[in-house]
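**Student:** Below: one structure in structure tokens.
The values are calculated or read from the model by the stated rules, or taken from the named source; none is laboratory data. Here the structure is a predicted model, which is why all the values come from computation and not from measurement. In this analysis, Cβ positions are derived from the backbone assuming ideal geometry, glycine residues included, and neighbour counts consider all displayed protein chains.
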Amino acid sequence: MEGLLTQPFLTSLLFGAVTAGVPLLLAGLGEQISEKAGVLNIGIEGMMLFGAYCGFAVALYSGSFTLGFIGGGLGGMVVAAIVMLLCIRFGINQIVIGIGVTIGFEGLTALLHFFEFAQDNPSLPAAPVFALPIVSDIPVIGPGLFAHNALVYLAVILVGVLTWMFRSTYVGLNLEAAGNKPAALDAAGVSVLKTRALAVLSTGFLAGLGGAYMAEVGAGSFGPFMTGGAGFIGIVLAMLARGKPIWVLLGAALFGASLSMTTALQVAGVNVPTDVVQMLPFAMVMLVLVIFARHSVLPPALATPYVRGDRG
Amino acid sequence: MSAEAETIPGQLPGGDRLKEIGGTAARVLVPVVLALIMGGIILMILGKDPLAYYAYVARRGLLTWGGLQETFTRMAPLLLIAAGLIVAFRAGIWNLGGDGQFLLGAVITSAAAPVLLRALPDLLVLPICMILGIVTGAIWSVVPALLKARYGINEIITSMMMSFLGTSFANVLIKLVFWDPSTTVPQTRTLPVDDRLPRIIGTTVHSGIIVAIIVVILVHLMMTRTSFGLKLQVVGANPAAAVHAGLNVAGLTIATFAISAGLIGLSGAVDILGVFGTVRADWNPQYSFLVVPLVFLARFNGYGVIGFTFFFSALMIGGDSAARRVGVPQFFVLVLVALLLIFLAVVEYLDHRRRKKAH
């Protein structure tokens with residue numbers, strides 16, 4: 001066991017936690033925007049997968065990681081546009097369409113992978129690292145936390161930006177109104193459907209970006225079903241965070257750490273099934289829910305389409 | 001969600017009945033055709049011949065005796081999950097944790113069956129194992145059910161988390177407790193073929209399919225013809241009204257969860273007792289996630305779901321071997337189901353709007 005506590009081990013543990021946590025963070029923040037506006041975005045797994053595929057493909061063919069990230073975000077937005085049309089414009093059940101697009105893009109990206117990449121399994125070179133000056137020189141913590149791809153820092157900054165946006169801008173307040181009392185927003189002369197559409201598209205971009213990070217930085221390649229439920233964890237994080245971006249960050253850190261622990265223990269050859277470690281974050285969250293069970297704070301209009309003048 | 005409740009076909013006066021059946025057929029057939037066409041276009045883009053693919057899948061999944069038997073075998077677990085989901089969805093409870101309930105039902109069954117066989121005859125062991133599967137699934141739903149019933153905590157998130165937890169827990173059980181010492185890959189002890197669910201005479205299809213069809217029909221009748229089922233539907237359509245009507249909403253919520261998860265646990269048990277005889281670590285066919293769209297496609301209707309499950313099973317079986325023969329991986333089946341779901345939703349929406357305008 002002593003071998004586990006060496007500096008390189010701890011560093012790689014931290015590094016892995018960040019790498020695993022960032023996609024969850026981006027997905028969770030994205031989902032939070034949708035949920036605020038009253039849209040339950042179950043399709044986020046599909047958005048992440050298509051983002052991962054597009055991000056990887058663009059980065060591979062263009063040679064630019066940044067273009068890849070943008071491509072991934074746009075890919076996620078394409079999926080979000082489908083959700084937007086069907087759920088917001090047409091008012092079709094959000095859970096049905098969410099599961100539909102997830103299954104569809106699981107299939108489509110696996111299919112595209114089979115025809116395009118399965119033969120020679122191309123992979124990307126290591127992603128560029130932007131080490132923060134000074135703090136990255138701290139032993140263990142420095143290389144673990146502060147020597148990552150620039151997207152990681154942007155994602156963390158986004159937590160602050162969203163907190164400010166939700167609290168002090170019209171856009172943020174409109175989002176909240178669209179989820180809490182859509183009719184009031186409508187009466188105030190702001191289009192509920194447009195507000196929700198904007199929210200869903202932003203979710204798509206962030207989820208796609210998270211997927212692209214997974215493929216380009218985390219794995220360096222694309223594989224079928226590679227997001228492995230990260231989108232669903234994102235949904236869980238957003239719901240637990242009760243509208244506060246900082247809680248998404250903490251949750252993503254917790255889940256990221258346990259995912260990283262799983263890989264680290266495997267590498268170290270410890271004789272505990274990794275499944276035990278995988279259970280920990282979920283068990284913890286359930287325990288917290290059971291102990292501190294209160295009415296969960298979710299927008300009242302969540303998952304209900306808005307129809308003007310409808311009293312339902 | 002109220003839109004769903006509205007579209008569940010009700011009892012219509014005699015003359016409109018025929019028209020309604022025709023309308024329903026059109027609403028199902030049009031999306032199927034559209035999905036097949038759209039899927040065909042995707043295949044063409046990928047450089048494959050769609051007609052050859054569809055013909056092969058139809059032949060392999062439906063038109064050969066061997067393929068048809070495989071299709072029926074695959075239907076059994078899917079139908080039982082569908083039955084469980086119908087109960088929950090009709091009651092407005094989104095039990096999305098089926099994968100965990102299914103796997104735990106499967107693991108407990110496969111661990112118990114060989115032990116029970118030492119003391120008891122087959123005839124008793126099989127039903128006991130099925131009950132074990134039901135109880136296991138139901139137990140796994142207790143926490144989300146209580147949190148929903150007592151504190152109104154959204155069951156989508158809690159059932160999903162229990163599902164992740166259950167998937168990992170199933171692996172832990174296999175690796176730490178039930179690992180068959182004679183195997184190198186972690187798996188439970190294998191149930192001898194002779195002790196599994198008896199096959200329907202003259203076929204390779206195990207009798208689980210009969211159980212499944214009976215269960216789906218019973219569930220459908222329970223939800224539409226009994227006061228218990230109607231109470232659940234009231235809770236689903238309008239929980240506030242249900243409280244005012246004096247219904248015990250908390251109790252009904254817990255009962256719904258238990259029945260739903262129990263049936264999904266039973267599905268795991270039947271799949272093990274009928275087909276596999278053992279559970280390997282990391283095995284997760286994700287059936288329940290795939291069945292959710294089918295249940296929606298059938299608009300929570302038990303008879304409709306039998307049709308859709310049959311269609312989907314044939315696609316899965318045909319799609320599996322098409323991967324080897326036609327060079328189109330089975331992932332394409334997922335795309336088809338998603339297209340079907342989306343087209344069905346759109347056709348339904350257009351139909352709804354047209355009728356609204358007509359009024």
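**Student:** Would you be able to tell me the number of residues in segment B:154-195 that are hydroxyl-bearing (S, T, Y) and either surrounded by fewer than 22 Cβ atoms within 10 Å (Cβ to Cβ) or without any contact (Cβ under 8 Å) to a residue 12 or more places away in the chain (or both)? Explain how you work it out, then say what you get.
**Tutor:** Residues of segment B:154-195 that are hydroxyl-bearing (S, T, Y), as a first pass: B:158-159, B:163, B:167-168, B:182-184, B:188, B:190.
Subsequent filtering for residues that are either surrounded by fewer than 22 Cβ atoms within 10 Å (Cβ to Cβ) or without any contact (Cβ under 8 Å) to a residue 12 or more places away in the chain (or both) retains B:168, B:182-184, B:190.
Count: 5.
**Student:** Which condition breaks for A:L173 when tested against (1) surrounded by 12 or more Cβ atoms within 10 Å (Cβ to Cβ); (2) over 18 Å from A:T66 (Cα atoms); (3) modelled with pLDDT under 90?
**Tutor:** (3) is the only condition that A:L173 fails.
**Student:** If you go through segment B:162-193 one residue at a time, how many are under 21 Å from B:G277 (Cβ atoms), facing chain A (nearest Cβ under 9 Å) and of a type in the set (S, T, N, Q)?
**Tutor:** The qualifying residues number 2.
**Student:** In addition: Look through B:V335, B:V346 and report the one residue that is closer than 21 Å to B:G22 by Cβ and either free of Cβ contacts under 8 Å to residues at least 12 places away in the same chain or buried (at least 17 other Cβ atoms within 10 Å of the Cβ) (or both).
**Tutor:** B:V346
**Student:** Here is a follow-up. Across segment B:82-121, what is the number of residues that are of a type outside the set (S, T, N, Q), out of contact with any Gly (no Cβ under 6 Å at 6 or more places or on another chain), within 14 Å of B:L173 (Cα to Cα) and more than 14 Å from chain A (Cβ to nearest Cβ)?
**Tutor:** Total satisfying the criteria: 3.
**Student:** Spot the failing condition for A:T19; the list is (1) at the interface with another protein chain (Cβ under 9 Å from one of its Cβ atoms); (2) over 25 Å from B:S159 (Cβ atoms); (3) touching a Ser or Thr at 6+ places or on another chain (Cβ under 8 Å), and only one is missed.
**Tutor:** (1)
**Student:** Residues that are under 29 Å from A:T227 (Cβ atoms) and in contact with a Lys or Arg (Cβ under 9 Å, 6 or more places away or on another chain), at least 2 per element: which helices (runs of 4 or more DSSP H) completely within segment A:135-212 meet that? Steps first, answer last, please.
**Tutor:** Details: elements: A:141-145, A:150-168, A:170-180, A:182-187.
Here the list reads A:150-168, A:170-180.
**Student:** Which of the following residues is within 19 Å of B:I209 (Cα to Cα), buried (at least 24 other Cβ atoms within 10 Å of the Cβ) and touching a residue at least 12 places away in the same chain (Cβ under 8 Å): B:M75, B:M130? Walk me through it before giving the result.
**Tutor:** Values: B:M130 fails: buried (at least 24 other Cβ atoms within 10 Å of the Cβ).
Sole residue among the options that is within 19 Å of B:I209 (Cα to Cα), buried (at least 24 other Cβ atoms within 10 Å of the Cβ) and touching a residue at least 12 places away in the same chain (Cβ under 8 Å): B:M75.
**Student:** Next question. Name every residue in segment B:38-54 that is surrounded by 14 or more Cβ atoms within 10 Å (Cβ to Cβ) and in a helix (DSSP H, G or I), in order of residue number. Even if it seems obvious, please write down each step before you answer.
**Tutor:** We begin by selecting, within segment B:38-54, every residue surrounded by 14 or more Cβ atoms within 10 Å (Cβ to Cβ); these are B:38-40, B:42-43, B:46, B:48-50, B:52-54.
Answer for segment B:38-54, where residues must be surrounded by 14 or more Cβ atoms within 10 Å (Cβ to Cβ) and in a helix (DSSP H, G or I): B:M38, B:G39, B:G40, B:I42, B:L43, B:P50, B:A52, B:Y53, B:Y54.
**Student:** Shifting gears a bit: Looking at (1) surrounded by 24 or more Cβ atoms within 10 Å (Cβ to Cβ); (2) in a helix (DSSP H, G or I); (3) of a type outside the set (S, T, Y); (4) modelled with pLDDT of 90 or more, which is the only condition A:G256 fails?
**Tutor:** Unmet for A:G256, out of (1) surrounded by 24 or more Cβ atoms within 10 Å (Cβ to Cβ); (2) in a helix (DSSP H, G or I); (3) of a type outside the set (S, T, Y); (4) modelled with pLDDT of 90 or more: (1).
**Student:** While we're on this one: Among residues belonging to segment A:212-238 that are of a type in the set (A, V, I, L, M, F, W, C) and touching a Leu at 6+ places or on another chain (Cβ under 7 Å), point out the one that is surrounded by the most Cβ atoms within 10 Å (Cβ to Cβ). Reasoning before the result, please.
**Tutor:** The first filter runs over segment A:212-238 and keeps only residues of a type in the set (A, V, I, L, M, F, W, C), leaving A:212, A:214-215, A:217, A:219, A:222, A:225-226, A:230, A:232-233, A:235-238.
From what's left, touching a Leu at 6+ places or on another chain (Cβ under 7 Å): A:230, A:233, A:237.
Details: A:A230: 26, A:I233: 28, A:L237: 26.
Among those that are of a type in the set (A, V, I, L, M, F, W, C) and touching a Leu at 6+ places or on another chain (Cβ under 7 Å), it is A:I233.
**Student:** Still on this structure, I have one more. Do you know which residues across segment A:274-292 are closer than 16 Å to B:N154 by Cα and either of a type in the set (G, A, S) or more than 7 Å from chain B (Cβ to nearest Cβ) (or both)?
**Tutor:** Going residue by residue through segment A:274-292, those that are closer than 16 Å to B:N154 by Cα are A:282, A:285-292.
Hits for segment A:274-292 are A:L287, A:V288, A:I291, A:F292.
**Student:** Looking at (1) of a type in the set (S, T, N, Q); (2) at pLDDT 85 or above; (3) in a loop (DSSP other than H, G, I, E, B), which one does A:T304 not meet, given that it meets all the others?
**Tutor:** The number of the failed condition is (2).
**Student:** Sticking with this one: In segment B:53-81, which residue that is hydrophobic (A, V, I, L, M, F, W, C) and under 23 Å from B:M130 (Cβ atoms) is farthest from the other protein chains (Cβ to nearest Cβ)? Reasoning before the result, please.
**Tutor:** Keep residues of segment B:53-81 that are hydrophobic (A, V, I, L, M, F, W, C), which gives B:55, B:57-58, B:62-63, B:65, B:68, B:72, B:75-76, B:78-81.
Subsequent filtering for residues that are under 23 Å from B:M130 (Cβ atoms) retains B:72, B:75-76, B:78-81.
Numbers: B:F72: 23, B:M75: 19, B:A76: 21, B:L78: 14, B:L79: 19, B:L80: 19, B:I81: 14 Å.
Result: B:F72.
**Student:** Follow-up question, since we're still on this one. Could you check, for segment B:149-161, whether at least one of its residues is hydroxyl-bearing (S, T, Y), within 14 Å of another protein chain (Cβ to nearest Cβ) and farther than 25 Å from A:V277 by Cα? Before you say what the answer is, go through the steps one by one.
**Tutor:** Taking segment B:149-161 first, the residues hydroxyl-bearing (S, T, Y) are B:151, B:158-159.
When the remaining residues are screened for being within 14 Å of another protein chain (Cβ to nearest Cβ), the result is B:151, B:158-159.
Cutting the leftovers down to farther than 25 Å from A:V277 by Cα gives us B:151.
Yes, there is a match, as at least one residue in segment B:149-161 is hydroxyl-bearing (S, T, Y), within 14 Å of another protein chain (Cβ to nearest Cβ) and farther than 25 Å from A:V277 by Cα.
**Student:** Does segment B:232-252 contain at least one residue that is on the phi > 0 side of the Ramachandran plot and free of Cβ contacts under 8 Å to residues at least 60 places away in the same chain? If you could, list the steps in order and put the result at the bottom.
**Tutor:** Just the residues of segment B:232-252 that are on the phi > 0 side of the Ramachandran plot, to begin with: B:246.
From what is left, the residues that are free of Cβ contacts under 8 Å to residues at least 60 places away in the same chain are B:246.
Checking segment B:232-252: at least one residue is on the phi > 0 side of the Ramachandran plot and free of Cβ contacts under 8 Å to residues at least 60 places away in the same chain.
**Student:** Hey, among A:G269, A:G251, A:G204, A:G256, which residue is of a type outside the set (V, I, T) and within 13 Å of chain B (Cβ to nearest Cβ)? Spell out the reasoning first.
**Tutor:** Values: A:G269 fails: within 13 Å of chain B (Cβ to nearest Cβ); A:G204 fails: within 13 Å of chain B (Cβ to nearest Cβ); A:G256 fails: within 13 Å of chain B (Cβ to nearest Cβ).
Only one candidate qualifies: A:G251.
**Student:** Going through segment B:104-127 one residue at a time, which ones are surrounded by 24 or more Cβ atoms within 10 Å (Cβ to Cβ) and over 22 Å from the mean Cα position of the chain (by Cα)?
**Tutor:** Residue satisfying the conditions is B:A113 alone.
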